[in-house]
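Notes to accompany the following structure.
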Amino acid sequence: MKKVCIIGTGQTEVGEHWDKSILHLAHDAVMSALLDAHVEAVDALFVGNMLSGALSGQENLAAAVADFSGLRNIEAVKTEAACASGAAALRMGYTAVASGLHDRVLVLGVEKMTNTLGHDTTAALGMAADAVYETFQGVSFTALNALMMQRYVWQYDVPDTGLAGFSINAHRNGCHNPHAMFRHAITEEDYGRSRVISSPLCVLDSSPICDGAAAVVLCAAGSSSLSDGSRHVAPVTILGSAAATDTLAVHDRSDPLRLAAVELSTQQALAQAGASLDDVDFLELHDAFSILGAMSLEAVGYAEPGTGWRYAMDGYIDIEGDLPVSTQGGLKSRGHPVGATGVYQAVEAVKQLQGLAGPNQVPNAALGMIQNVGGSGASVFTHILGI
Amino acid sequence: MKKVCIIGTGQTEVGEHWDKSILHLAHDAVMSALLDAHVEAVDALFVGNMLSGALSGQENLAAAVADFSGLRNIEAVKTEAACASGAAALRMGYTAVASGLHDRVLVLGVEKMTNTLGHDTTAALGMAADAVYETFQGVSFTALNALMMQRYVWQYDVPDTGLAGFSINAHRNGCHNPHAMFRHAITEEDYGRSRVISSPLCVLDSSPICDGAAAVVLCAAGSSSLSDGSRHVAPVTILGSAAATDTLAVHDRSDPLRLAAVELSTQQALAQAGASLDDVDFLELHDAFSILGAMSLEAVGYAEPGTGWRYAMDGYIDIEGDLPVSTQGGLKSRGHPVGATGVYQAVEAVKQLQGLAGPNQVPNAALGMIQNVGGSGASVFTHILGI
Amino acid sequence: MFVPSSWRTRHQRYSLIGEVCPACDKHIFPPRDVCPHCDQPAGPAHKFNGTGMVFSYTTLFQPPAGFESQAPYVVALVQLDEGPMLTAQLTDVEADEVEIGMKVEMVPRKLMEDGPQGQVHYCYKFRPLWAKAAQAGVSV
Amino acid sequence: MFVPSSWRTRHQRYSLIGEVCPACDKHIFPPRDVCPHCDQPAGPAHKFNGTGMVFSYTTLFQPPAGFESQAPYVVALVQLDEGPMLTAQLTDVEADEVEIGMKVEMVPRKLMEDGPQGQVHYCYKFRPLWAKAAQAGVSV
Ligand SMILES: [Zn+2]
Ligand SMILES: [Zn+2]
């Protein structure tokens, strides 16, 4: 297999883009990434997206994006793995280049969520869960996370604002990310006063409904694309790429508080990269809800079961901490445009590794892990990037 | 790149499976393919599907299928390229094995269309076209094909039942395919009397709304999977795989009667296979509508522009003809369960190459081309299989 | 919910019909083609007795489309006595009375309507087990 | 159609606002970020004069959801005088009077309603060009 590099990144601000269609958002990210990579054309386009059908009435999305962005006639495919659709596209792009099939590909994650009313969007997001035995019962996607959180808090005796640390950290980091949706800090008191959406889960446990698009250009190491003299930053290498699944429904897991697919894909990605958890300088995890932050820290292997929440409370995940997490605001503060999130994580990791992360720069960051979770843990993709 | 073989196939009967959910259909095809391949496990699952969200309320589909079919914890991704979603999954599976990333993968195409009322299904299929500038105008997907057909018939002076040959051929072949939805022959008179859906396009120009699932097991040549002594048929090799796109909207093409992406992907697939059109022993083309049959024969290169329809009238595409087309009934007679179709084509091509095509066997078939078209020509995947 | 899907799952939703695996004897709900415990073909139908325990619960204040008029309502992960867990609404109980470990029993109830002219969907819900005892005039 | 999408495309749908490419001078409809002819950034707004020719047409008898009450109706590929082609309904004309090559002109018309309480959507439709002449009392 060929070594695969990321040679350019692009991203739109995450937020409510009432004036932009899904194709306009996609185009903005595509153009920034091509510009950043100093290339005009690519061999193929992989688009991560979950909800273009439900929320924009548009399928055949990858061809639509290629057409609208002037990438005429190239191969274009959309990948769907619920909230992990973006990382799925990254992995398809990685595979296409690693195989030698293509020399240079573009990976795009895009989601347009502000086309519909709140409860329609809520229902559409529910399609990530079991349609008959979860969603049909009136359970929202948020409620599934609330069910995990309620049990977690009970089982591990977590105090009232015990999970606040993930959101506080995310918002602190998001303040300095010009592409983040929320750029204000929050306190434990704010968290404590936050409105409950699905008990015990509150607004400040939850990532927002938003629009966004992010893109990366991949090419094979040693490719002529890399030798362009005009490039002034070092390319980042994808050292590990892995995917795993778990039961679709939370209730079908022997332990609903264990993210088995996170565990498995982490181990596979680390093995491929020849790295251990100690080598990871920062972690972009899938903090769509605080509880996923805690359970992910445990499943990845940094924390024992039931202790993940403590790590967020004692500075461990700060930019200056042992393991910086969600360094550009994560899903909570940067925002979680569902199918785009996995590619935002890649864009942010590239900037960390290139030393371009601004006030949120992790000192001497050489190895980053990014993790994108689809559904309540059913589809998980882990990538390890290095410089 | 590694050489990729197909070592097992599975398919459900195409039809109206009121008693089966999308997951049950998927499971049936998955199990048949694993059984046929004499393997119990695979490394990854690629699922081609367009409408699971709109018509079953289920996304995260690949994880759902992996879970329901007992393929627990493996990588699973859904690919969407409208009606070409199945071939997109085949190409992703091909790439995963060719790269060396996986030794053995399962490619599934599945569509469940009989969950909704006719006009809702019609609207859902319209998502393959431009949501704002085509579908929103009240144009169905069928109507877009009717627009191409009307112009074609006018521009090339085609007689009233001039395009009948594709459907007649498809139905003749479908008679002998136990998995086909329609197993009755039709005549030119039947065609002439057929009810008009969108003028001049009639029912017998059009593939049916239906359910179905098909699967193939891929593995790397030289893999231990291949040396299983219990296998009694030779594996088929994927000699060429290519993808191309065109404008999403028919009205955006400089020549709306030219399928540019068909042309491009055919040339690329042939080049990779080191083959020419003369080497192709049979062609599974995307005859969702008769007009696509005619235009495809032209874009692939067998017929001059405006003459494709004649080839279907004079025996050229019969099983005994120069270029057998839609040898198991094609989309018209076997049926077109949208995202499953590309994988049905692969299953049928494998059987032709293995000499297992029964009454529809093409003598000495050694090289077959299969082509899957998404939207009105926007996404096209061409594969060349050989034995 | 789509009408054919509603029809296909009626036995599960009205009567908690699942399976017992012939290979490993584990109980399975909902029925599957493959046993999730031993990967063998799943087995003959089994009607669950309908009693279980609340594994977790939540009160929804932002319901998805179709459930707007019911909010707030309580949804739980219920572990059935025979083993499997499922997701279901709780009924006949105030949100603040629910706790993890609470014994519950299945009752078929109206779940939702697909709009004013649409199909009315029924499904299992669960209520506190003492309700049955209380109805029978028996103390628990 | 989704309300924000309807708002975003109002100028195109009510007034046929497209673009002229500053690099290659070609006319573009609908507006795009990239010129489909020369791949340069697409250009300033251009209001199309609204006349064109039927490139192809079809009468729909099986309409998609939302258009049931209108069927049968005629949809055409219309080539605008300035070059671009678009897909639109024909109006003020019987289905059997339509032919390829027929001159047409744009008229804004009601396209559909999102249900009895939903938004009413307006859009360009096209009618035979003689209608304009006839209204003005001019023979063509
Ligand atoms: Zn078992
Ligand atoms: Zn131009």
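Take the conditions more than 18 Å from the chain's Cα centre (by Cα), farther than 15 Å from B:ALA214 by Cα and not in a helix (DSSP H, G or I) and apply them to B:VAL97. Does it pass?
no
Remark: B:GLU111 falls outside the filter, which requires a residue to be in contact (Cβ under 8 Å) with a residue 24 or more places away in the chain, in contact with a His (Cβ under 8 Å, 6 or more places away or on another chain) and of a type in the set (Asp, Glu).
Tell me whether region A:24-42 contains one or more residues that are outside any helix (DSSP H, G or I), closer than 19 Å to A:ARG91 by Cβ and not hydroxyl-bearing (Ser, Thr, Tyr). There is at least one residue in region A:24-42 that is outside any helix (DSSP H, G or I), closer than 19 Å to A:ARG91 by Cβ and not hydroxyl-bearing (Ser, Thr, Tyr).
Considering only residues that are closer than 30 Å to A:MET1 by Cβ and assigned to a loop (DSSP other than H, G, I, E, B), which ones fall in region B:1-23? Working first, answer last.
Of region B:1-23, the ones closer than 30 Å to A:MET1 by Cβ are B:1-10.
Matches in region B:1-23: B:MET1, B:LYS2, B:LYS3.
Among residues of region D:9-23 being buried (at least 19 other Cβ atoms within 10 Å of the Cβ) and closer than 29 Å to B:ALA123 by Cα, the one that is nearest to ligand 1 (Cβ to nearest atom) is D:THR9. Would you confirm, using the coordinates I've provided, whether D:SER56 is away from ligand 2 (no atom under 16 Å from the Cβ), within 24 Å of A:GLY57 (Cβ to Cβ) and touching a His at 6+ places or on another chain (Cβ under 9 Å)? No; evaluated as a whole, the condition is false for this residue.
Being surrounded by 18 or more Cβ atoms within 10 Å (Cβ to Cβ) and either in a loop (DSSP other than H, G, I, E, B) or within 16 Å of ligand 2 (Cβ to nearest atom) (or both) is the requirement here; does D:PRO30 meet it? When the stated conditions are applied, D:PRO30 passes them. The single condition among (1) part of a helix (DSSP H, G or I); (2) crowded, with 24+ Cβ neighbours inside 10 Å; (3) away from every other protein chain (no Cβ under 14 Å) that B:MET369 does not meet is (1). Select from region D:17-27 the residues that are within 12 Å of ligand 2 (Cβ to nearest atom) and either among the small types (Gly, Ala, Ser) or touching a Phe, Trp or Tyr at 6+ places or on another chain (Cβ under 9 Å) (or both) and list them in ascending order. D:GLU19, D:ALA23, D:HIS27, listed by residue number. So, C:LYS26, is that one under 20 Å from the mean Cα position of the chain (by Cα) and either within 11 Å of chain B (Cβ to nearest Cβ) or within 9 Å of ligand 1 (Cβ to nearest atom) (or both) or not? Considered against the rule, which asks whether it is under 20 Å from the mean Cα position of the chain (by Cα) and either within 11 Å of chain B (Cβ to nearest Cβ) or within 9 Å of ligand 1 (Cβ to nearest atom) (or both), C:LYS26 comes out as yes.
Taking the numbered list (1) within 14 Å of chain A (Cβ to nearest Cβ); (2) closer than 28 Å to A:GLU40 by Cβ; (3) away from ligand 2 (no atom under 16 Å from the Cβ); (4) of a type outside the set (S, T, N, Q) in turn, D:MET85 passes all entries but (1). All of (1) more than 8 Å from chain A (Cβ to nearest Cβ); (2) at positive phi hold for B:GLY57 with one exception: (1). Counting only residues that are at pLDDT 90 or above and in a loop (DSSP other than H, G, I, E, B), which one in region C:41-57 is nearest to the other protein chains (Cβ to nearest Cβ)? Once the filter is applied, the top-ranked residue is C:PHE48. Of all residues in region B:142-164, exactly one satisfies the criterion of being of a type in the set (S, T, N, Q), closer than 16 Å to B:ARG258 by Cβ and surrounded by fewer than 24 Cβ atoms within 10 Å (Cβ to Cβ), namely B:GLN155.
If you check every pair at least six apart or on different chains, which have Cβ atoms under 7 Å apart with a residue in region C:63-91 that is over 13 Å from C:MET53 (Cα atoms) first and a residue that is of a type in the set (D, E, K, R) and surrounded by fewer than 21 Cβ atoms within 10 Å (Cβ to Cβ) second? That search, which allows pairs on different chains as well, returns C:ALA65/A:ASP120; C:THR91/C:ARG109; C:THR91/C:ARG127.
A quick yes/no check of all residues on (1) surrounded by fewer than 24 Cβ atoms within 10 Å (Cβ to Cβ); (2) touching a residue at least 40 places away in the same chain (Cβ under 8 Å); (3) not in a loop (DSSP other than H, G, I, E, B):
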residue	(1), (2), (3)
A:LEU248	no, yes, no
A:VAL262	no, yes, yes
A:ALA299	no, yes, yes
A:ALA303	yes, no, no
A:ILE319	yes, yes, no
A:GLN328	no, yes, no
A:ALA340	no, yes, yes
A:LEU356	yes, yes, no
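Going through region A:102-136 one residue at a time, which ones are at pLDDT below 95 and over 30 Å from D:GLN119 (Cβ atoms)? Hit for region A:102-136 is A:VAL132, nothing else.
Flag: A:MET50 matches the condition of being facing another protein chain (nearest Cβ under 7 Å), at pLDDT 95 or above, part of a loop (DSSP other than H, G, I, E, B) and closer than 27 Å to A:VAL350 by Cα. Among residues that are more than 18 Å from the chain's Cα centre (by Cα) and within 11 Å of chain A (Cβ to nearest Cβ), D:PHE2 is included. When region A:113-141 is filtered for residues that are more than 7 Å from every other protein chain (Cβ to nearest Cβ) and either part of a helix (DSSP H, G or I) or surrounded by fewer than 24 Cβ atoms within 10 Å (Cβ to Cβ) (or both), the ones remaining, listed by number, are A:LEU117, A:GLY118, A:THR121, A:ALA124, A:LEU125, A:PHE141. Residues of region C:58-81 that are closer than 11 Å to A:VAL139 by Cβ and either at the interface with another protein chain (Cβ under 7 Å from one of its Cβ atoms) or in a loop (DSSP other than H, G, I, E, B) (or both): C:THR58, C:LEU60, C:PRO63, C:PRO64, C:PHE67, C:TYR73, C:VAL75, C:LEU77.
Matching residues to (1) more than 24 Å from A:THR79 (Cβ to Cβ); (2) touching a strand residue (DSSP E or B) at 6+ places or on another chain (Cβ under 6 Å); (3) not polar (S, T, N, Q):
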{"site": "B:GLN354", "(1), (2), (3)": "yes, no, no"}
{"site": "B:ALA357", "(1), (2), (3)": "yes, no, yes"}
{"site": "B:PRO363", "(1), (2), (3)": "yes, no, yes"}
{"site": "B:ILE370", "(1), (2), (3)": "no, yes, yes"}
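The values are calculated or read from the model by the stated rules, or taken from the named source; none is laboratory data. The structure displayed is predicted, hence computed values, not measured ones. Backbone-built Cβ (ideal geometry, glycine too); neighbour counts: all protein chains shown.
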